[in-house]
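Read through the structure below, which is laid out as structure tokens, and then see the notes.
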Amino acid sequence: MRFDQSGALTSEDKHDVSGYHFDLLDVEGTRVYLASSYPTGLLILDMNDFANPAILGASRTVGYVSKLVREGDYLYLPMGSYGVRRVQAK
């Protein structure tokens, strides 16, 4: 959706996201981290331009991601009996 300075709706963008489901969301500045269970995995977005988000990275996961933990330049994704996956967050 786009709004003018008075708050009136000027346009509404629609995207087909059928088949996508994200269970976890984390935001750090303009960076957004989305995670879900297999097969989607992890998606890292740059939201500097809210109308045109840029995909910075993506990674598939095997198991259910129960949490997003950021430490330095890495994200740690605990996945139950599948262990912990480490993904570069840059």
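The values are calculated or read from the model by the stated rules, or taken from the named source; none is laboratory data. Everything quoted here is computed from the prediction, not taken from an experiment. Cβ placement follows ideal geometry from the backbone for every residue including glycine, while neighbour counts extend to all protein chains displayed.
With the requirement that a residue be closer than 18 Å to ASP23 by Cα and either surrounded by fewer than 13 Cβ atoms within 10 Å (Cβ to Cβ) or among the charged types (D, E, K, R) (or both), what does region 70-79 give you?
The one that is closer than 18 Å to ASP23 by Cα and either surrounded by fewer than 13 Cβ atoms within 10 Å (Cβ to Cβ) or among the charged types (D, E, K, R) (or both): ARG70.
Output the number of residues of region 35-78 satisfying the condition of being aliphatic (A, V, I, L, M), farther than 13 Å from LEU24 by Cβ and touching a strand residue (DSSP E or B) at 6+ places or on another chain (Cβ under 7 Å).
The total comes to 7.
Which condition does TYR82 not pass, out of (1) hydroxyl-bearing (Ser, Thr, Tyr); (2) over 15 Å from the mean Cα position of the chain (by Cα); (3) at pLDDT below 85, if it passes all the others?
Looking at each condition in turn, TYR82 falls short on (3).
For region 21-35, which positions are more than 9 Å from the chain's Cα centre (by Cα) and without any contact (Cβ under 8 Å) to a residue 40 or more places away in the chain?
The answer is HIS21, GLY29, THR30.
Taking the residues in region 1-22 that are among the charged types (D, E, K, R) and surrounded by fewer than 10 Cβ atoms within 10 Å (Cβ to Cβ) as candidates, determine which candidate is modelled with the lowest pLDDT.
ASP16
How many residues are loosely packed, with under 14 Cβ neighbours inside 10 Å and either free of Cβ contacts under 8 Å to residues at least 12 places away in the same chain or part of a strand (DSSP E or B) (or both) when one looks only at region 47-68?
Of the residues in that region, 6 qualify.
Applying the selection to region 23-41, what residues are charged (D, E, K, R) and modelled with pLDDT under 65?
none
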